[in-house]
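Visitor: First the structure, which I've put down as structure tokens, then a few questions once you've had a look.
The values are calculated or read from the model by the stated rules, or taken from the named source; none is laboratory data. Note that the coordinates shown come from a computational prediction; the quantities given were computed from them, not determined experimentally. When we count neighbours, we look across all protein chains shown, and the Cβ atoms used for this are built from the backbone with ideal geometry, even at glycine. The protein model used for the area step is the full one, side chains on, heavy atoms only, and it has no ligands, DNA or RNA in it. Shrake-Rupley method; radii C 1.70, N 1.55, O 1.52, S 1.80 Å.
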Amino acid sequence: MEDKRPFWTSKYSFIITTIGSAVGLGNIWRFPYIMGQYGGAIFLAVYILLISTICFVPLMNELYIGKLTKKECVGAYEAISPKFKYLGALNPITGVLIAAFYFIVGGWIINYICKSFTCNQITDYGKYFTEYIQNPIYPCILTILFLFICIFFTARGVKKGIEAANKVLMPLLAVILIFLVIVSLNLPNANQGLEYMFKPDFSKLNSKMILAALGQAFFTLSIGMGALLTYGSYIKEDKSLVKSVYTIILSDTIFALLAGIMIFPAVFSFSMEPNSGAGLVFVTLPKIFSQVPFGNFISFAFFILLFCAALTSGISIVEGPCATLTERFNISRTKACVILFCLISVFAIPATLSFGVLENFKIFNKSIFDFLDFLTSNIMLPLNTLFLCLISGWYLKLNGHDVIKNRVLALFFNIGLKYIVPVALICLMFMGLN
Ligand code: PHE
């Protein structure tokens, strides 16, 4: 059994695993379709502005609180004040609920990997996708398989499992992504897709889109469920986090941009719609793959890419609750992972079935899958971040000048922590509720 409080073997390990957490379905599945729905380039411009400014504050804060307290979420909040213990517990709960819907998409990806070499037999991709997710058996099995793979790496421990997986999967992900970008850019009319991504139409600027960009930025950086806090708590050396934080933001943005550059030229080249929503990756792209030379191979590469991205993020989603269970209840990682496997399955299976047999079971008028997505992305993630910023800013009175050398950035951090981020998060939650 690995010792109770493991540490990253190097700064590189910390950065690559944190980038692994950040780069996930949020970048390759969610980012392109949300960008498609909010008008392309103008969304991208707002997104880059927000992710490089406002998001610095909660990202730095969450990692710093982990590094400072060297505890999992509940312990970290408790170390600040015992009265915050229960607020801390919201983080691992959020993790379990996010896992339940995130891993369903992981299961879909496994199915598409297996289907890659026979996908040209499909005639109607929309119908295929709908029928597949409505099936009561296969999606459940594959969701559980994906959960099992994530849990397997988490159970192996921070060094042998989490670090080792990220060190292989992240470079692989980068290589496949670059390969697919080159393929996409060589398609006829690829420049139309680039124009869509980089030529802003200012008439599409509105407050709803700005908040959607902010929500996407928080989600993609994995802020608000204690994954980063836990990863931060494994940092040994006492160096400033600023450079690491910017490396994480920059890398995550580059991955999202490359995902866009991979998808939009292909979409335009085949005269398809960029705003087809969540089906962009599972319906529109397979349709394109079936029409390009070596499409089977390209489809396989694409879904492997998506799988690597989902896996490294999935591992980080499980690690938060896993650390809480091991440290709070003094149990082994393996035991904690078995408990989590069962717990996540309890939520994930009904959520998987909510596309088919449980379709009529609604919570607040939403299917179980949509409800979990809504509850975690729109309420719990922003709420956890709000609590942590308020606790750091107003209770702990964390001073940016003590942790950040650059004076302007330190001042921005202080104002951000106390005012800008809380206000932005409250707006985000209100928008989510409407
Ligand atoms: N950042 C991940 C993604 O982009 C999702 C995630 C959210 C992971 C919250 C951990 C915590 O897919």
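Visitor: Would you mention how many residues in the stretch 319-360 are small (Gly, Ala, Ser), under 30 Å from residue 116 (Cβ atoms) and open to solvent by less than 10 Å² (accessible area, probe 1.4 Å)? Spell out the reasoning first.
Guide: In the first step, residues of the stretch 319-360 are kept if they are small (Gly, Ala, Ser); the result is 320, 323, 332, 336, 345, 348, 351, 354, 356.
So of that shortlist, the ones also under 30 Å from residue 116 (Cβ atoms) come out as 345, 348, 351, 354, 356.
The next check asks that each one be open to solvent by less than 10 Å² (accessible area, probe 1.4 Å); those that pass are 348, 351, 354.
Counting residues in the stretch 319-360 that are small (Gly, Ala, Ser), under 30 Å from residue 116 (Cβ atoms) and open to solvent by less than 10 Å² (accessible area, probe 1.4 Å) gives 3.
Visitor: So in the stretch 300-318, with the set limited to residues that are more than 14 Å from the chain's Cα centre (by Cα) and surrounded by 21 or more Cβ atoms within 10 Å (Cβ to Cβ), which one is nearest to the ligand (Cβ to nearest atom)? Give the derivation first.
Guide: Start the filter on the stretch 300-318 by keeping residues that are more than 14 Å from the chain's Cα centre (by Cα), which leaves 300-305.
Retained after the next criterion (residues that are surrounded by 21 or more Cβ atoms within 10 Å (Cβ to Cβ)): 302-303, 305.
On the way: 302: 16, 303: 16, 305: 13 Å.
Restricting to residues being more than 14 Å from the chain's Cα centre (by Cα) and surrounded by 21 or more Cβ atoms within 10 Å (Cβ to Cβ), the top hit is 305.
Visitor: Another one. Does residue 332 satisfy the criteria of being touching a residue at least 60 places away in the same chain (Cβ under 8 Å) and farther than 17 Å from residue 317 by Cα?
Guide: Working: touching a residue at least 60 places away in the same chain (Cβ under 8 Å): yes; farther than 17 Å from residue 317 by Cα: yes.
Answer is yes for this residue.
Visitor: Could you check the stretch 393-427 and list, in sequence order, the residues that are crowded, with 22+ Cβ neighbours inside 10 Å and either closer than 24 Å to residue 213 by Cβ or touching a strand residue (DSSP E or B) at 6+ places or on another chain (Cβ under 6 Å) (or both)?
Guide: 393, 413, 416, 417, 421, 424, 425
Visitor: Go through the stretch 378-398 and give me each residue that's under 15 Å from residue 415 (Cα atoms) and in contact (Cβ under 8 Å) with a residue 24 or more places away in the chain. Can you show your working first?
Guide: So in the stretch 378-398, the residues under 15 Å from residue 415 (Cα atoms) come out as 386, 388-398.
Those that are under 15 Å from residue 415 (Cα atoms) and in contact (Cβ under 8 Å) with a residue 24 or more places away in the chain: 386, 388, 389, 390, 391, 392, 393, 394, 395, 396, 398.
Visitor: Listed residues 114, 119; which is touching a residue at least 24 places away in the same chain (Cβ under 8 Å) and of a type outside the set (Asp, Glu)?
Guide: 119
Visitor: Return yes or no: is residue 184 away from the ligand (no atom under 16 Å from the Cβ) and open to solvent by less than 10 Å² (accessible area, probe 1.4 Å)?
Guide: Values: away from the ligand (no atom under 16 Å from the Cβ): yes; open to solvent by less than 10 Å² (accessible area, probe 1.4 Å): yes.
So residue 184 fits the description; yes.
Visitor: Could you pull out every one of the helices (runs of 4 or more DSSP H) wholly within the stretch 173-247 that has 1 or more residues that are modelled with pLDDT under 95?
Guide: On the way: elements: 190-198, 207-220, 227-233.
Answer list for the stretch 173-247: 190-198, 207-220.
Visitor: Now a separate question. If I go through the stretch 226-261 residue by residue, how many of them are closer than 30 Å to residue 190 by Cβ, open to solvent by 10 Å² or more (accessible area, probe 1.4 Å) and hydrophobic (A, V, I, L, M, F, W, C)? Let's see the steps before the verdict.
Guide: If we filter the stretch 226-261 for residues that are closer than 30 Å to residue 190 by Cβ, which is where we start, we get 247-261.
Those still in the list that are open to solvent by 10 Å² or more (accessible area, probe 1.4 Å) too: 247, 250-251, 253-255, 257-258, 261.
Cutting the leftovers down to hydrophobic (A, V, I, L, M, F, W, C) gives us 250, 254-255, 257-258, 261.
Number satisfying all stated conditions: 6.
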